[in-house]
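As structure tokens, the structure follows; a few thoughts come after it.
The values are calculated or read from the model by the stated rules, or taken from the named source; none is laboratory data. Please read these numbers as outputs of a predicted model, since none were measured by experiment. Methodologically, a virtual Cβ is constructed for each residue, glycine included, from the backbone with ideal geometry; neighbour enumeration extends over all protein chains shown. Protein only, heavy atoms only, side chains kept; ligands, DNA and RNA dropped before computing areas. Shrake-Rupley method; radii C 1.70, N 1.55, O 1.52, S 1.80 Å.
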Amino acid sequence: MALAIMDTNIRYGVVSKALHWGMALLFVWQFLSAGAHLLLSDTPVEEFLWGTHYTVGVLLLTLVVIRAVWSLLNASRRPPSVSVMAKLGHLALYGLMIAVPTIALIRQYGSGRALDVLGINLMSGFDGEEITWMTELGGLLHGELGWTLLALIVGHVVMAILHRKLTNHDVLSRMT
Ligand code: HEM
Ligand code: HEM
């Protein structure tokens, strides 16, 4: 069978699968660096992992925008959600995947510090007072919503396995 680029109503296509599993790997890395920042501060492990947090975070934000557009293009042909809860759960995952890095970038902008990612200058920074609503928003929400996203991902993985074990919905085969 030819490799399906687009999704069909029985399985996701190759682009959706690549985005799903590629981003899943990057999320594992991103939460390792966040965990090291929280628990292993001032160790070589933190120094190594934390050095990638901004870059991987910006990469994940870029990929989720592409993924959201792709999912809209495929909306009428993707495998149907197994329940309203599954649909809402996936929507919440998208919401947090977009909100968590966006809030970090708003904080970064408000701090007046420059931001370079993979040699590209995304923010040039500015002198003078920081923009407090921006830095406070990030201080309040970035880490908290980040850990909420991790909890939701754990729930998502558990539900994918439970659906396979307890019901006739082998949802895993749609995505593998
Ligand atoms: C989807 C992408 C991202 C995820 C899942 C994520 C997750 C997290 C988490 C869970 C923490 C809390 C660590 C702790 O409790 O000590 C954190 C901290 C932090 N993140 Fe991210 N992050 C992402 C993107 C970014 C980006 C793009 C930036 C920079 C522009 C950034 C900058 C920071 C900074 C400075 C902290 C330490 C201060 C704080 O706890 O808020 N993150 N991140
Ligand atoms: C071992 C890890 C993972 C497993 C086993 C897994 C499993 C699955 C399965 C079976 C589906 C298809 C569900 C259906 O058609 O109803 C799915 C879809 C989805 N998964 Fe995961 N997943 C994992 C990691 C992740 C991670 C880290 C994220 C990121 C937040 C994520 C976000 C999503 C989203 C948003 C969908 C809806 C389809 C889409 O728009 O891509 N998954 N996952």
Looking only at Leu25, Leu105, Leu60, which one moves most when the chain is put into a Gaussian network model with springs between Cα atoms under 10 Å? Leu25
Got a sec? What order do Leu73, Leu162 fall in by accessible area at 1.4 Å, biggest, i.e. largest, first? Leu73, Leu162
Where Lys and Arg each count +1 and Asp and Glu each count -1, what net charge lies around Ala75 among other residues with Cβ under 12 Å from its Cβ? +2
On Cα atoms only, tilt of 14-39 relative to the major axis of the chain in degrees: 40 degrees
If one compares the long axis through the Cα atoms of helix 84-111 with the longest principal axis of the Cα atoms of the chain, the angle in degrees, nearest 10, works out at 20 degrees
Can you tell me, using C-alpha contacts under 8 Å and at least 6 residues apart, the relative contact order of the chain as a whole percent? 21 percent
Helical mean residue ellipticity (222 nm; -39500 (n - 2.57) per DSSP H run of 4+; nearest 500) of the chain: -23500 deg cm²/dmol
Rounded to the nearest 20 debye, dipole of the chain from Cβ charges on Lys, Arg, Asp, Glu: 1240 debye
Please state, to two decimals, what the Cα-based radius of gyration of the chain comes to when divided by 2.2 N^0.38 Å (N = residues). 1.18
Check: C-alpha center segment 16-79 vs C-alpha center segment 108-148, spacing in Å is 18 Å
Label-point separation, Ala160 to Thr176 (7 Å along Cα→Cβ), nm: 1.0 nm
